[in-house]
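Reading through the structure tokens given below for one structure.
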Amino acid sequence: MIKNLAVKKHLIIMTLLFCLTNIAAQDPNNVYRFGIHGDVTYNNYFTGGCGMAYFITPNISTEINIGGLFKKNINYNYDLGFKYWITAKGKTNGFLPFVGLAYNRMGIINEKTYGISNVLEQDHYKLFKIPVGISYLAKCGAETTIQFSYANNLKFSFHYTDITLRIGWRFKSPKKK
């Protein structure tokens, strides 16, 4: 496990530079730029969520996800991040592997009883996630993804891994002349 924050920053910068060097060599016409999805994530419990994704380039997408588990306590999370898609030039369907980086915020609201009064206690965690996975994109636009993520709080020792299954739809971009 990497303990030094400076080393972590250098690894992130090197990864982004590696991704950016491959952008110029790719075909700028991506057929399925925008997509929506629903997901189920397991991390000692199941949560549900939904999100949107958009390809900035053929190999880099940005996405936002929201989700939660609503029982006696309310757990919520949202993340905003980027994914680098490791694909052959111009490939717009089939199996598409990826790796990414995301900012995640997780919150837990618990109702505690002290004597005769109820009090809401809140815990919030800001994390960085590294998702790795593979999507299958059908020619019609249907998409299924399996993703493993490692999340870490850089300020104190709080980290976890999770697995996510997504089902969604990508919309075809209008053809350019």
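The values are calculated or read from the model by the stated rules, or taken from the named source; none is laboratory data. Remember, predicted model here, so these are calculated numbers, not experimental data. Neighbour counts run over all protein chains shown; Cβ positions are idealised from the backbone, glycine included.
Would it be correct to say that Val31 is part of a loop (DSSP other than H, G, I, E, B) and either exposed (fewer than 13 other Cβ atoms within 10 Å of the Cβ) or at pLDDT 75 or above (or both)? Judged against the criteria, Val31 is a match.
The single condition from (1) farther than 15 Å from Lys129 by Cα; (2) at pLDDT 80 or above that Asn65 fails is (1). Just one of the listed residues (Leu11, Leu16) is modelled with pLDDT under 65, more than 15 Å from Leu165 (Cα to Cα) and under 18 Å from the mean Cα position of the chain (by Cα), and it is Leu16.
In summary, Lys91 fulfils each of the numbered conditions (1) modelled with pLDDT under 75; (2) surrounded by 13 or more Cβ atoms within 10 Å (Cβ to Cβ); (3) within 23 Å of Phe158 (Cβ to Cβ) with the single exception of condition (3).
Yes or no, residue by residue, for (1) over 16 Å from Lys83 (Cβ atoms); (2) exposed (fewer than 13 other Cβ atoms within 10 Å of the Cβ); (3) at pLDDT below 90:
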residue	(1), (2), (3)
Val132	no, no, no
Glu143	no, no, no
Asn152	yes, no, yes
Phe156	yes, yes, yes
Gly168	no, no, no
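Taken together, the residues in region 39-53 that are surrounded by fewer than 18 Cβ atoms within 10 Å (Cβ to Cβ), in a strand (DSSP E or B) and either within 12 Å of the chain's Cα centre (by Cα) or at pLDDT below 85 (or both) amount to 3.
Filter region 130-177 down to residues that are of a type in the set (A, V, I, L, M, F, W, C) and part of a loop (DSSP other than H, G, I, E, B) and give me whichever is nearest to the chain's Cα centre (by Cα). Give the steps one after another, and end with the answer.
Going residue by residue through region 130-177, those that are of a type in the set (A, V, I, L, M, F, W, C) are 130, 132, 134, 137-138, 140, 142, 146, 148, 151, 154, 156, 158, 163, 165, 167, 169, 171.
Now narrow it down to the ones that are part of a loop (DSSP other than H, G, I, E, B): 138, 140, 154, 156.
Details: Ala138: 21, Cys140: 23, Leu154: 18, Phe156: 22 Å.
The residue in question is Leu154.
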